[in-house]
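**Student:** One structure, pasted below without further comment.
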Amino acid sequence: MATDRTPTLPNAYGGKIPYQCDSLSLLDVLCENEFEGDTINQTDAARAEVNFYKGAPPQWLNFYLAEREAAVGSTFIKRDGYSYLKKQIQSKRKSPRSTTIVKLLHHPSSGGSTLAMQVLWDLRKKHRCAVLKESKGANSTDIAVQVINLFKAGDSQNTVLLLLEDENMADCLMREVAERKITSKVPVLIMLNCVRKSFIAEQDDPTIRTSVILRRQLSKEEKDKFSKKLDEIRKRYAHQHTQFHGFNIMCGNFSETYIQNSVKSCVNKHLLKPRNLLLPFLALLNFYVPGSYLLESECADFPDARSQDFESGMHPFNDLIVTFSGQEEDDKRVQMKHPMIADQCVKLLAKFRVTRGGTTRNFLKYFCKAEVPQHLVPVIKDMLTKREITEAKGVDKQQNAEEETQDLFSKLIQDIKENEGLDMCEHILKEAVDKSGTNPFFTQALARLYYIEINDYEKAEYWALKAKERAPNNSFIADTLGQVHKSSLRNKKDHIPCPPAFEILEIAGKAIIAFKEEEKAVEKEAELESKSFNIRGSFGYLQVANYLFEALTKCDNRWKDILTGKKQTPYVVDEFPGGKLNEYMPLISQLKDGVKKRYEFFEKYLNYSKPKIGREEPGYFHEDVISCYQKYTGMMPTSFPGLLSCLHQNNLNPELLWMEQHYRKINGEKRSDAQATQNYILVNIILNQKGVRRQTRTIPLQNLQDMLKKYVREQQIDQPTEFHLLALMLFWPEGGATHDFPYKQTVDLLRGSFERGLSKYFRFRYLVPLFLLGKGQGLSRLVHKSRVDIVIKNNLSPKQKNITLGQMWSSGKIWELEAIKNCLLRLRGEVEQYEVFLNVADNRIKIFPDQMASIRNPGPVSFYLGFNIGGPVAFNIKYEAK
């Protein structure tokens, strides 16, 4: 392709600037004038079009050619989601936020990537469009630098529209760019996150939808468009169109019959030449890892692939494959024309004893030699170890949020287990371990297979230890050893008759040691700010303590008094002949304190944060933590986070009333301390919530403030984060009046305490608003989040009744409800240098934005105020006219 064209990018005002994008090595930048004035080789153009119809990934040239043909009357198919996706992006362009995400969820090879690229192509003259190149170790910081360079290119700012697939990378870029605090008149970055998912939950109400969804299913309008296009293709490619499986599958609405007919004859011919492994290899790769490929040079060593014309030489299955050029490599890529064709090939071959397991073992033999091809390393890892995540909608009792569930093994391993048995799974993973050098993930998967499916805990322990040797500092790898012993203990506790107590304690002791070692690895990882805090070891500890308690007390109820500390271990010394009890004394004596320590951590972790806004931990998580604590202490939670959880559980705990009386008595006897006073005040705030009945009269706000004042005056820096938070809420300005309270100092103390003591545990998690500021007076101003959730649920329209609270919060739709506007108080503040301030009388109070990307420029704003464990938070920030 010959060109004298100078690449140009659009500016924010409809003009364009010249720009060379060579320095942006991580981005495939789409220029505003792409291909304009170029002399395009007609052979190259025809090949690009034919490959696309066959099933190759789209190239920018495809869109240029289609646009040019549409100008002279050719059909240009735009999927139903096109207009909505484009509208979403255009609305984000008008947003005051610095960075935003538009998510496109699509089934594999349903046309998702094509739709996303088509939108970029059509918006290239307004946005600076780019695709994130295939990752080769680049981190979010490097990518953010190049995105910002593209945004600022030519000393002329303009929004970058970035197409990327990785959800985690999108979240990281959101933070990275927002934290750069760039002042601009337009958003810095809009990400089109094109996510391939095998399972996509149904969306009941399009008004609440946060994602554009593309399934393997055409609407009537889409069928008509494809039918019209098919007529054009038949006329233009009279002898080739039957090979255009990528297009024909779409045109036939993903018909299984069409795919079966297309595949059957090719597979039958392949069976006449059983030594040819290329078809099974490609089918296996492209079904279990959609988008994967082999290089043409890698295929050349196989029989019938040695030909000057590669594709014609791939007989008898050349009709099912396509070759195309990659992003940077000179070597062409080879793949099946569609994952559904790959799926059908895998199934048909298996019927004729060309099994998934046998093909996988042959693949490892051929490609995992001295050095595995770089592009196949992540493919093999995903094929054997990637466990699919599915999102189950509204799984908790109140339909509050969504949980994530994860398969136990990769889809390939699960299919091999179902069709060929566990022995084959074991052989494959062992071979992967042998050929993977120091890679710990196959070893980990093998250990998981032994303890989850085979129940061979001795071998599972062996391989879990091997995995730890390969990655001694990886806490997630270390977790597997603890899980092995935990599973063994769970299995042991259900035995009839009961096993000897020392056997139970022996296994529990191993599990406890493993989880403690994992916790040490986690603390080291926490020093790296790029790492989230792994809580599996602490949670595993509590689960083991739970199983140990159940197993021992089931066999002999006397253990209950021992484990809770009411009686000493000699009480059951007859269980341990030969003085063997002494071996387990350290474990028994430390267990209760260990449970209390980890319960106190999880009280804060689970009540102050969640994985993401609108997303919860699995339901069993809360239950196991509380159940274990109650077994060993016999108590209900009475701490600050424990008291807060009472309202979230929607059943007011009797302990709460006892606590109120208990702390009232302490205060009356003048033997209170800061923490006791803090909890007494919190109890009163909770009992004052709407819908909560209390047995004693409401304590006036002034009285509660007087109780806390002496501790506030002392401003003890070593007070816990919760104390500073409560003081701030209790003395918050009312009606423009202040309380002679050190607001700035308290916010600084609160934030400092949070950063020092808690922030590392909540990294990459969403901090939950504990209270929001309402329109009431006195204590009634403080509205617990559970009360806000009740308002939301009671005011959903009939068609929104199946929508979860999590979806309402994550979409921001809650702020549009009139009932919320009537319940909560909207405040006015100011944005200065990427910080939000509230000016009340002579006080200037710093407020933290719930979403950093929601503030971009200085100016007056309004917002709803909430309080999370990190301080006062501004929700639903809107810029106001000056």
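The values are calculated or read from the model by the stated rules, or taken from the named source; none is laboratory data. What you see is a predicted model; the values in this text were computed from it and never measured. Because the Cβ atoms are built from the backbone with ideal geometry, glycine has one as well, and the counts that use them run over all protein chains shown.
**Student:** Which one of Y53, Y84 is closer than 26 Å to P290 by Cβ, out of contact with any Lys or Arg (no Cβ under 6 Å at 6 or more places or on another chain) and surrounded by fewer than 19 Cβ atoms within 10 Å (Cβ to Cβ)?
**Tutor:** Testing whether each residue is closer than 26 Å to P290 by Cβ, out of contact with any Lys or Arg (no Cβ under 6 Å at 6 or more places or on another chain) and surrounded by fewer than 19 Cβ atoms within 10 Å (Cβ to Cβ) leaves just Y84.
**Student:** Scan segment 605-620 for residues that are part of a helix (DSSP H, G or I) and surrounded by fewer than 21 Cβ atoms within 10 Å (Cβ to Cβ) and jot them down.
**Tutor:** Scanning segment 605-620 gives L606, G619, Y620.
**Student:** Given R124, R68, which one is free of Cβ contacts under 8 Å to residues at least 24 places away in the same chain and either in contact with an Asp or Glu (Cβ under 6 Å, 6 or more places away or on another chain) or farther than 18 Å from L24 by Cβ (or both)?
**Tutor:** R68
**Student:** Scan (1) closer than 24 Å to I413 by Cα; (2) surrounded by fewer than 21 Cβ atoms within 10 Å (Cβ to Cβ) for the single condition D494 breaks and write down its number.
**Tutor:** Result: D494 passes all but (1).
**Student:** Also, I was wondering about something else. Just the residues that are more than 22 Å from L30 (Cβ to Cβ) and either assigned to a loop (DSSP other than H, G, I, E, B) or outside the structural domain of K133 (by TED's automatic domain parsing) (or both), please, taken from segment 155-181.
**Tutor:** Of everything in segment 155-181, those that are more than 22 Å from L30 (Cβ to Cβ) and either assigned to a loop (DSSP other than H, G, I, E, B) or outside the structural domain of K133 (by TED's automatic domain parsing) (or both) turn out to be R180, K181.
**Student:** Just to be sure, is F837 modelled with pLDDT of 90 or more, in the same structural domain as V692 (by TED's automatic domain parsing), in contact with an Asp or Glu (Cβ under 6 Å, 6 or more places away or on another chain) and outside any helix (DSSP H, G or I)?
**Tutor:** Criteria met by F837.
**Student:** Suppose we filter segment 62-111 for residues that are part of a loop (DSSP other than H, G, I, E, B) and either of a type in the set (S, T, N, Q) or farther than 25 Å from V186 by Cβ (or both); how many remain?
**Tutor:** The qualifying residues number 17.
**Student:** Still on this structure, I have one more. Check V186, V160 and return the single one that is crowded, with 16+ Cβ neighbours inside 10 Å and either at pLDDT 95 or above or aromatic (F, W, Y) (or both).
**Tutor:** Checking each option against the conditions leaves just V160.
**Student:** Restricting to segment 794-825, name every residue that is of a type outside the set (A, V, I, L, M) and either surrounded by 17 or more Cβ atoms within 10 Å (Cβ to Cβ) or not assigned by TED's automatic domain parsing to the domain that holds Q851 (or both).
**Tutor:** Hits for segment 794-825 are Q800, T804, G806, Q807, W809, S810, S811, K813, W815, C823.
**Student:** When you go through D28, D44, D4, D22 one by one, which is the residue that is closer than 30 Å to A342 by Cβ and either aliphatic (A, V, I, L, M) or modelled with pLDDT under 90 (or both)?
**Tutor:** D44
**Student:** Which residues, taken from segment 427-460, are closer than 18 Å to D407 by Cβ and not hydrophobic (A, V, I, L, M, F, W, C)?
**Tutor:** If the condition is that a residue be closer than 18 Å to D407 by Cβ and not hydrophobic (A, V, I, L, M, F, W, C), then Q444, R448, Y450, Y451, E453 are the ones that fit.
**Student:** Here are some residues: K821, K846. Which one is outside any loop (DSSP other than H, G, I, E, B), without any contact (Cβ under 8 Å) to a residue 12 or more places away in the chain and more than 19 Å from A881 (Cα to Cα)?
**Tutor:** K821
**Student:** Here's something else I'd like to know. (1) more than 30 Å from L725 (Cα to Cα); (2) at pLDDT below 95: which one isn't true of G540, the others all being true?
**Tutor:** Condition not satisfied by G540: (2).
**Student:** Further question on the same structure: Could you tell me how many of the residues in segment 424-462 are within 20 Å of K492 (Cβ to Cβ) and among the charged types (D, E, K, R)?
**Tutor:** Of the residues in that region, 6 qualify.
**Student:** Moving to a separate point now. So which residues in segment 829-842 are surrounded by 16 or more Cβ atoms within 10 Å (Cβ to Cβ) and either touching a residue at least 60 places away in the same chain (Cβ under 8 Å) or aliphatic (A, V, I, L, M) (or both)?
**Tutor:** V831, Y834, V836, L838, V840
**Student:** Among the residues of segment 243-274 satisfying the criterion of being under 14 Å from L349 (Cβ atoms) and among the charged types (D, E, K, R), which is modelled with the highest pLDDT?
**Tutor:** So, considering only residues that are under 14 Å from L349 (Cβ atoms) and among the charged types (D, E, K, R), the one modelled with the highest pLDDT is K264.
**Student:** Continuing with this model, one more query. Among the residues in segment 845-861, are any of a type in the set (G, A, S), within 27 Å of the chain's Cα centre (by Cα) and under 30 Å from K185 (Cα atoms)?
**Tutor:** yes
**Student:** Taking segment 94-116 as the search range and keeping residues that are over 21 Å from the mean Cα position of the chain (by Cα) and more than 15 Å from I213 (Cα to Cα), which one is surrounded by the most Cβ atoms within 10 Å (Cβ to Cβ)?
**Tutor:** S98
**Student:** Ok, one more. Of the conditions (1) free of Cβ contacts under 8 Å to residues at least 12 places away in the same chain; (2) in contact with a Phe, Trp or Tyr (Cβ under 6 Å, 6 or more places away or on another chain); (3) within 24 Å of F324 (Cα to Cα), N62 satisfies every one except a single condition; which number is it?
**Tutor:** All conditions pass for N62, except number (1).
**Student:** Any residue in segment 579-600 that is more than 18 Å from I626 (Cβ to Cβ) sitting within a Cβ distance under 6 Å of a residue that is at pLDDT below 90? List the pairs, counting only those 6 or more apart or interchain.
**Tutor:** From segment 579-600, the pairs are K580/F502; L581/V573; I588/T569.
**Student:** Is there a residue being more than 30 Å from A526 (Cα to Cα), crowded, with 19+ Cβ neighbours inside 10 Å and either modelled with pLDDT of 95 or more or among the charged types (D, E, K, R) (or both) anywhere in segment 439-449?
**Tutor:** no
**Student:** List the pairs whose first member sits in segment 489-507 and is in the same structural domain as G540 (by TED's automatic domain parsing) and modelled with pLDDT of 90 or more, whose second member is in a loop (DSSP other than H, G, I, E, B) and not aliphatic (A, V, I, L, M), and whose Cβ atoms are under 7 Å apart, counting only residues at least 6 apart or on separate chains?
**Tutor:** Here the result reads N491/N455; K492/P499, each pair linking segment 489-507 to a residue that is in a loop (DSSP other than H, G, I, E, B) and not aliphatic (A, V, I, L, M).
**Student:** Being at pLDDT 95 or above, part of a helix (DSSP H, G or I) and exposed (fewer than 15 other Cβ atoms within 10 Å of the Cβ) narrows it down to one residue among I428, I416, I380, I452; which is it?
**Tutor:** Criteria check complete, one pass: I452.
**Student:** Give segment 225-251 a look and list any residue that's farther than 19 Å from E69 by Cα and surrounded by fewer than 18 Cβ atoms within 10 Å (Cβ to Cβ), or say none.
**Tutor:** Across segment 225-251, the qualifying residues are H239, Q240, T242.
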